[in-house]
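Have a look at the structure below before the remarks.
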Amino acid sequence: MTHPNHVLFAYLLQNCPYSQKMAKLLTKDQKQWVRRDSPRYHELKKTYATFPIVFRGKKYMGGYEDFISRSSS
């Protein structure tokens, strides 16, 4: 069983190209992740500047480019 802090939660927008790239990346890399389409877009947008919004457990990992940077370092 995977520890909850290792699971990625990706809040995605249906027509967002970066959300689509994130979904493809996580699927290609076979990472354990949960897709959360965001009907709460306006609420989340007040706190987070970009979409997708990615968390590892409860830790905010950033948007697509932030996630790529953190994953490669």
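What ranking do Val7, Val34, Val54 get, fewest neighbouring Cβ atoms within 10 angstrom at the top?
Working: Val7 14, Val34 11, Val54 25.
In order of increasing Cβ crowding within 10 Å: Val34, Val7, Val54.
Over the stretch 24-72, what is the relative contact order in percent, taking alpha-carbon pairs closer than 8 angstrom and at least six residues apart? The normalised contact order for the stretch 24-72 reaches 19 percent.
Relative to the longest principal axis of the Cα atoms of the chain, the long axis of helix 17-28 lies at roughly 10 degrees.
Bridging of Lys46 to lysines at a Cα separation below 19 Å is possible for Lys58, Lys59, once same-chain residues fewer than 8 apart are set aside.
Working note: Debye formula, equal point scatterers on the alpha-carbon atoms of the chain, no solvent; log10 I(q)/I(0) at q = 0.28 Å⁻¹ is -1.51.
Bear in mind that the values in this text are calculations on the coordinates, not laboratory data. Quantities reported herein were computed from a predicted structural model and do not represent experimental measurements. All Cβ positions, glycine included, derive from the backbone under ideal geometry; neighbour counts span all protein chains shown.
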